[in-house]
Amino acid sequence: MSHTLILGTTNAGKLRELVELLAPHGISCRSLAGLAEAVAVEETGQTFADNAVLKATLQAQALGGWVLAEDSGLVVPVLGGTPGIYSARFSGPGATDSANNALLLQKLDGITGSRRAAHYACHAALADPSGTVVATASGTCSGFISAEAAGGGGFGYDPLFVVAEYHRTFGELSAAVKAVISHRARAMRGMLPAILRHLG
């Protein structure tokens with residue numbers, strides 16, 4: 001019997017990417033948007049993996065359904081791994097993508113070449129209706145931070161994140177390419193067998 005998979009996010013960009021990844025497998029998905037029973041989960045974990053498990057567990061318990069949650073962000077080693085788990089709120093309360101990008105460029109000012117290396121990381125967790133995590137998966141995508149934004153696609157740090165093999169930012173790459181190489185795509189492919197086993 002097929003179930004609806006609830007994606008533990010209200011982020012429209014993330015939802016769009018996840019729906020595109022799961023649609024070919026006939027998995028019915030919906031986001032937390034409009035679900036009155038959904039809870040606000042405080043991301044108190046110290047890692048992406050911690051936060052993914054927290055979100056999946058607490059939302060599944062609150063909603064009594066299957067929940068796939070993920071936590072992801074940008075890791076810049078020369079900046080000590082920041083913005084990391086604080087990627088979405090890097091520039092402080094009320095952070096926006098443009099403010100976060102501006103702060104990242106400011107912090108990298110004067111840093112050149114290979115020292116601008118970065119990677120996107122994504123950790124995902126699948127919880128059953130009791131809140132038990134039945135599977136986890138992760139994925140990364142390596143690149144570097146450009147000196148200026150390029151492309152209007154994607155969200156977050158995508159206009160600054162250059163994938164070396166393509167010589168383009170995530171903001172310039174097509175959704176089809178991103179659906180193959182992105183950190184989220186890789187994590188979801190790792191999670192697919194468990195999703196199909198439990199919800200297919």
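Mind counting the residues in segment 12-26 that are more than 15 Å from Phe155 (Cβ to Cβ), of a type in the set (A, V, I, L, M) and surrounded by fewer than 19 Cβ atoms within 10 Å (Cβ to Cβ)? Before you say what the answer is, go through the steps one by one.
In the first step, residues of segment 12-26 are kept if they are more than 15 Å from Phe155 (Cβ to Cβ); the result is 21-26.
Those still in the list that are of a type in the set (A, V, I, L, M) too: 21-23.
Imposing the further condition that a residue be surrounded by fewer than 19 Cβ atoms within 10 Å (Cβ to Cβ) reduces the set to 23.
Number of matching residues: 1.
Considering each of Leu68, Leu7, Leu63 in turn, give the residue that is under 25 Å from Gly171 (Cβ atoms) and either surrounded by fewer than 18 Cβ atoms within 10 Å (Cβ to Cβ) or of a type in the set (A, V, I, L, M, F, W, C) (or both). Steps first, please.
Working: Leu68 fails: under 25 Å from Gly171 (Cβ atoms); Leu63 fails: under 25 Å from Gly171 (Cβ atoms).
Matching residue, one of Leu68, Leu7, Leu63: Leu7.
List the strands (runs of 3 or more DSSP E) inside segment 106-200, counting only whole elements, that have at least 2 residues being among the acidic types (Asp, Glu) and at pLDDT 95 or above.
Passing ranges: none, list empty.
Starting from residues that are touching a residue at least 40 places away in the same chain (Cβ under 8 Å) and hydrophobic (A, V, I, L, M, F, W, C), keep the ones in segment 13-30 and report whichever is nearest to Cys122 (Cα to Cα). Explain how you work it out, then say what you get.
Kept after step one, since they are touching a residue at least 40 places away in the same chain (Cβ under 8 Å), are these residues of segment 13-30: 13-14, 17-18, 20-22, 25-27.
Going one step further and asking which of them are hydrophobic (A, V, I, L, M, F, W, C), we end up with 18, 21-22, 27.
Numbers: Leu18: 12, Leu21: 14, Leu22: 16, Ile27: 21 Å.
So, considering only residues that are touching a residue at least 40 places away in the same chain (Cβ under 8 Å) and hydrophobic (A, V, I, L, M, F, W, C), the one nearest to Cys122 (Cα to Cα) is Leu18.
Taking segment 8-25 as the region of interest, how many residues are out of contact with any Lys or Arg (no Cβ under 7 Å at 6 or more places or on another chain), modelled with pLDDT of 85 or more and outside any helix (DSSP H, G or I)?
So the answer is 1.
If you take the residues in segment 38-69 that are at pLDDT below 95 and charged (D, E, K, R), which one is farthest from the chain's Cα centre (by Cα)?
Glu42
Got at least one residue in segment 101-113 being touching a residue at least 60 places away in the same chain (Cβ under 8 Å) and surrounded by 13 or more Cβ atoms within 10 Å (Cβ to Cβ)?
Going residue by residue through segment 101-113, those that are touching a residue at least 60 places away in the same chain (Cβ under 8 Å) are none.
The answer is no, given that none of the residues of segment 101-113 is touching a residue at least 60 places away in the same chain (Cβ under 8 Å) and surrounded by 13 or more Cβ atoms within 10 Å (Cβ to Cβ).
Determine which member of the set Ile145, Ile85, Ile111 is of a type in the set (Val, Ile, Thr) and farther than 26 Å from Leu15 by Cβ. If you could, list the steps in order and put the result at the bottom.
On the way: Ile145 fails: farther than 26 Å from Leu15 by Cβ; Ile85 fails: farther than 26 Å from Leu15 by Cβ.
One residue alone meets the criteria, Ile111.
I need the full set of residues from segment 35-69 which are of a type in the set (A, V, I, L, M), free of Cβ contacts under 8 Å to residues at least 60 places away in the same chain and not in a helix (DSSP H, G or I), in order please.
Leu35, Ala36, Ala38, Val39, Ala40, Val41
Is it true that some residue in segment 146-163 is without any contact (Cβ under 8 Å) to a residue 40 or more places away in the chain and touching a helix residue (DSSP H, G or I) at 6+ places or on another chain (Cβ under 6 Å)?
Within segment 146-163, not a single residue is without any contact (Cβ under 8 Å) to a residue 40 or more places away in the chain and touching a helix residue (DSSP H, G or I) at 6+ places or on another chain (Cβ under 6 Å).
Hey, does segment 157-174 have a residue that's farther than 21 Å from Arg189 by Cα, surrounded by 21 or more Cβ atoms within 10 Å (Cβ to Cβ), of a type outside the set (D, E, K, R) and touching a Pro at 6+ places or on another chain (Cβ under 7 Å)?
Yes: segment 157-174 contains one or more residues that are farther than 21 Å from Arg189 by Cα, surrounded by 21 or more Cβ atoms within 10 Å (Cβ to Cβ), of a type outside the set (D, E, K, R) and touching a Pro at 6+ places or on another chain (Cβ under 7 Å).
Take segment 70-95 and flag every residue that is under 16 Å from the mean Cα position of the chain (by Cα) and either assigned to a helix (DSSP H, G or I) or hydroxyl-bearing (Ser, Thr, Tyr) (or both).
Listed by number, the residues that qualify are Ser72, Thr82, Gly84, Ile85, Tyr86, Ser87, Ala88, Arg89.
The values are calculated or read from the model by the stated rules, or taken from the named source; none is laboratory data. Predicted, not measured: the structure shown is a model, and the values here were computed from it. No Cβ is skipped: glycine too gets one built from the backbone with ideal geometry, and neighbour counts run over all protein chains shown.
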